[in-house]
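Trainee: The following block contains the structure, expressed as structure tokens.
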Ligand SMILES: Cc1ncc(COP(=O)(O)O)c(C=O)c1O
């Protein structure tokens, strides 16, 4: 199911800059009981992304209503929102005027085994490094070639996510998730100043930790620090929070702070559904 600028259909103009240059932004969120979870936060991040990329802002009320319409129709699955700068301009120069393109689509949810939540997942360490790009750091823009190359590094179905480092050897994130570690009772997650996506789930988990007096800090760490950590977890809006069970030959069992954060996350999702 797709809506392009509110119209049913899946055909995009070939001159759309989302296709031509990856000139746009996207958001992905779960749909449960006909509701797109944390839709408002996703639209808010998209709005910030539009401002940073100088994309004319779409009609947010309309965009939100279209998202709610498809979520209500689908009942459950994964909702994806895309905004592009629109069509126009052969070349990089910004088209003037530019009318942004709104795309809403809904997809079946991936059926991840319950085992991932219960016992955790195995991580690959990606050889592909995330390049520094401070002007784009944090934004969920459409250019995902780094993640595609990183994800192409493994085919083993027993490996569920890849860890991505930057040129400083700092851990940035997973190919499709943010990373948190527990070190001496403190939850740490990287600052994402040079690369990475500032995830909605990461933001919510930091808020939940703060509200419940779980010590947490945004702080850079490298791979040896991650391997020495007491607990490691990854998160995104669709999977929620998954404990990490192993990175190469370093193994963990699910730790107490991971369990607490998973419970807080589930409660937060329930209250979002009821709101
Ligand atoms: C590269 C990358 N980093 C982080 C995330 C987590 O973002 P969110 O929590 O908003 O889903 C994603 C989600 O798809 C991602 O693709």
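Trainee: Cβ neighbours within 10 Å, averaged per peptide: list 138-145, 88-95 in order, most packed at the top.
Mentor: Working: 138-145: 17.1, 88-95: 12.4.
Per-residue Cβ counts within 10 Å, averaged per peptide and sorted highest first, yield 138-145, 88-95.
Trainee: If you don't mind, there's one more thing I want to ask. If a/c stays under 1.5 just call it rounded; otherwise compare a/b with b/c (prolate if a/b is bigger, oblate if not). Do that for region 32-186, with a ≥ b ≥ c from the square roots of the Cα gyration tensor eigenvalues. Don't skip to the answer; put the middle values down first.
Mentor: Numbers: a/c = 2.04, a/b = 1.28, b/c = 1.59.
Oblate.
Trainee: Would you calculate, for the chain, the mean residue ellipticity at 222 nm contributed by helices, counting each DSSP H stretch of 4 or more residues as -39,500 (n - 2.57) and dividing by all residues, to the nearest 500?
Mentor: Details: 8 runs with 85 residues, N = 275.
Rounded to the nearest 500, the figure is -9500 deg cm²/dmol.
Trainee: Hey, another quick one. Classify region 105-220 from the C-alpha gyration tensor, please: rounded if a/c falls under 1.5, else prolate or oblate depending on whether a/b exceeds b/c. All intermediate terms of the calculation are to be shown ahead of the outcome.
Mentor: On the way: a/c = 1.44, a/b = 1.10, b/c = 1.31.
Rounded is the answer for region 105-220, as its axis ratio a/c remains below 1.5.
Trainee: Here's something else I'd like to know. Starting with the highest mean, order 25-38, 117-130 by the number of other Cβ atoms within 10 Å, averaged over the residues of each peptide.
Mentor: Values: 25-38: 20.1, 117-130: 18.4.
Final packing ranking: 25-38, 117-130.
Trainee: Assuming a ≥ b ≥ c are the square roots of the Cα gyration tensor eigenvalues, decide whether region 1-111 counts as rounded (a/c under 1.5), prolate (otherwise, with a/b larger than b/c) or oblate. Kindly include the intermediate steps, with their values, before the conclusion.
Mentor: Details: a/c = 2.22, a/b = 1.75, b/c = 1.27.
Prolate shape, in that a/c is at least 1.5 and a/b is the bigger ratio.
Trainee: While we're on this one: Would you please put 74-87, 215-228, 241-254 in order of how densely packed they are, using the mean number of other Cβ atoms within 10 angstrom per residue and starting with the highest? Walk me through the intermediate numbers first.
Mentor: Details: 74-87: 21.0, 215-228: 14.9, 241-254: 17.4.
Descending packing order for the listed peptides: 74-87, 241-254, 215-228.
Trainee: Still on this structure: Before anything else, pin down the relative contact order of region 1-140: Cα pairs under 8 Å, at least 6 apart, normalised by residue count, whole percent.
Mentor: About 30 percent, as a whole number.
Trainee: Compute the helix-to-body angle for 256-274: its Cα long axis versus the longest principal axis of the chain, expressed 0 to 90° and rounded to tens.
Mentor: 30
Every read-out reported here was derived from the displayed coordinates using simple, explicitly stated rules and does not represent laboratory data. Predicted model, so just to flag it, every value in this text is computed and none were measured. When we count neighbours, we look across all protein chains shown, and the Cβ atoms used for this are built from the backbone with ideal geometry, even at glycine.
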